[in-house]
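See structure below.
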Amino acid sequence: MGAPVIGLVDCAGLRLQEATDALEAFGSLYHKQALASGVIPQVTAIFGMCGGGLAVVPGLTDFTFMEAKDGKLFVNSPNALEGNKTENTANAAFQSSEAGMVDVVAQEDELLESIRTLVSILPANNEDDMSYEECTDDLNRASETLENAVGDPAVICSEIGDDHVFVETKAAYAKEMATGFIRLNGMTVGVVGNRTESYDEDGNVAEKYADVLTARGARKAAKFVKFCDAFEIPVLTLTNLTGFKADLHSERCIANAAAELTYAFADATVAKVNVITGKAFGSVYTIMNSKALGADMTYAWENAEIGMMDARSAAKIMYDGEDAAVINEKAAEYAAL
């Protein structure tokens with residue numbers, strides 16, 4: 001029928017006496033989910049147990065919601081993990097912040113409301129776009145706080161979106177990369193943005209993040225862009241990066257993750273707009289929805305910086321061996337360029 005599917009899960013697992021018949025049924029469910037992927041939006045909401053083979057179901061869906069207190073999501077029970085003495089790997093906090101499986105964690109009433117909000121902003125399927133909503137907001141309203149929010153895409157999105165609404169996905173996972181949906185003049189738009197800081201309710205800086213592309217952030221963004229492309233949702237990027245995360249663990253996977261994001265942007269045929277809000281240095285500038293990858297329009301804020309690297313690092317390389325005065329002079333010239 002081309003209708004989204006929402007699964008409400010509280011299941012202790014397979015009935016053992018059904019044996020391989022139960023396994024066959026799970027396989028049939030996985031198969032149907034795979035066939036429906038990219039055709040209709042699929043949502044899973046976990047209110048109780050979701051373990052073993054059933055944990056594959058939310059992995060195959062587009063968005064997963066989880067009840068904060070009673071929800072349990074796991075492939076292997078926490079007490080069955082070798083060496084695990086303290087970590088509750090089945091709880092919502094772990095599955096949202098560490099595993100990246102869960103988009104929204106909340107109490108039951110709030111969870112249901114979050115599902116309604118998300119489904120209302122999404123197309124019904126990949127052909128029939130019912131996500132448009134009449135805009136009652138003032139499209140010409142000014143924002144006094146936008147310029148101060150360069151570090152947090154969520155604040156920017158809340159400012160520019162119709163009625164200040166931003167529906168963030170996977171908010172607790174890879175916080176340095178924000179993904180979510182806004183409406184612009186009634187049309188649903190997917191947003192991918194680099195976060196360097198987040199703010200508390202009083203507007204003070206609560207957390208800071210390095211302005212680098214991480215493997216987790218790249219994969220989170222890649223999956224989101226692929227979803228938008230499947231459902232003809234335009235993509236807006238808010239770029240503010242200086243390079244790749246550099247440590248031993250990251251080096252094991254950052255190239256593959258960056259390639260996934262590069263492919264997602266390059267392969268997407270939806271309308272793509274890139275806004276450089278801060279810095280855009282080196283290869284990460286190219287990866288983050290650049291003109292070279294097919295962005296239709298690229299904008300930059302007045303104080304944005306675009307180049308190979310920051311001015312002082314570039315000057316040190318190009319004028320290796322020179323004294324501090326020369327380095328400072330050349331860095332200033334490079335920055336101006």
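The values are calculated or read from the model by the stated rules, or taken from the named source; none is laboratory data. Note that this is a predicted model, so its numbers are computed, not measured. Glycine also receives a Cβ, built like all others from the backbone with ideal geometry; neighbour counts cover every protein chain displayed. The protein model used for the area step is the full one, side chains on, heavy atoms only, and it has no ligands, DNA or RNA in it. Shrake-Rupley method; radii C 1.70, N 1.55, O 1.52, S 1.80 Å.
Some observations on this one:
- Rounded if a/c under 1.5, otherwise prolate or oblate - the range 244-293, Cα gyration tensor axes: oblate
- Per-atom-type breakdown for the chain gives carbon and sulfur 53% of the accessible area (1.4 Å probe, protein chains only).
- Length added when fully stretched, residue 210-residue 18, from 0.36 nm per residue minus Cα-Cα: 64.0 nm
- Order of exposure, largest accessible area first, which applies to 66, 308 with probe 1.4 Å: 308, 66
- Listed by chain and number, the aspartates and glutamates whose alpha-carbon sits under 15 Å from that of residue 72, ignoring those within fewer than 8 places in the same chain, are 10, 87, 98, 103, 108.
- Degrees between helix 254-267 axis and first principal axis of the chain (Cα, 0 to 90, nearest 10): 90 degrees
- Taking other residues whose beta carbon is less than 14 angstrom from the beta carbon of residue 325, and scoring Lys, Arg as +1 and Asp, Glu as -1, yields -1.
- Within straight-line cross-link reach of residue 316, lysines at Cα separation under 18 Å, skipping those fewer than 8 residues along the same chain: 330
- Relative contact order (%) - the range 186-287, alpha-carbon pairs under 8 angstrom, separation at least six: 34 percent
- Computed on protein heavy atoms with a 1.4 Å probe, the accessible areas place 205, 75, 191 in the order 75, 205, 191, largest first.
- Normalised contact order of the chain, rounded percent, pairs of Cα under 8 Å and 6 or more residues apart: 10 percent
- Once the Cα-Cα distance is subtracted from the 0.36 nm per residue extended length, the residue 127 to residue 333 segment shows a gain of 69.0 nm.
- Loop sites in the range 15-103: trypsin sites (Lys or Arg not before Pro), DSSP, at most 16 other Cβ within 10 Å: 15, 69, 85
- Accessible surface for the range 1-96, divided over its residues, is 56 Å² per residue with a 1.4 Å probe.
- Degrees between helix 215-230 axis and first principal axis of the chain (Cα, 0 to 90, nearest 10): 70 degrees
- Tensor-based shape of the range 92-187 (alpha-carbon gyration tensor, a/c under 1.5 rounded, otherwise prolate or oblate): oblate
- Summed over qualifying helices (DSSP H, 4 residues or more, each -39500 (n - 2.57)) and divided by its residue number, the chain shows a 222 nm mean residue ellipticity of -10000 deg cm²/dmol.
- Within the chain, longest stretch free of exposed GluC sites (Glu not before Pro) [DSSP loop, at most 11 other beta carbons within 10 Å]: 202-301
- Note on the chain: with charges restricted to the Cβ of Lys and Arg (+1) and Asp and Glu (-1), its dipole about the Cα centre is near 1120 debye.
- One chain, two ends: residue 309 and residue 201. Fully extended at 0.36 nm per residue, the span grows by 35.5 nm beyond their Cα-Cα distance.
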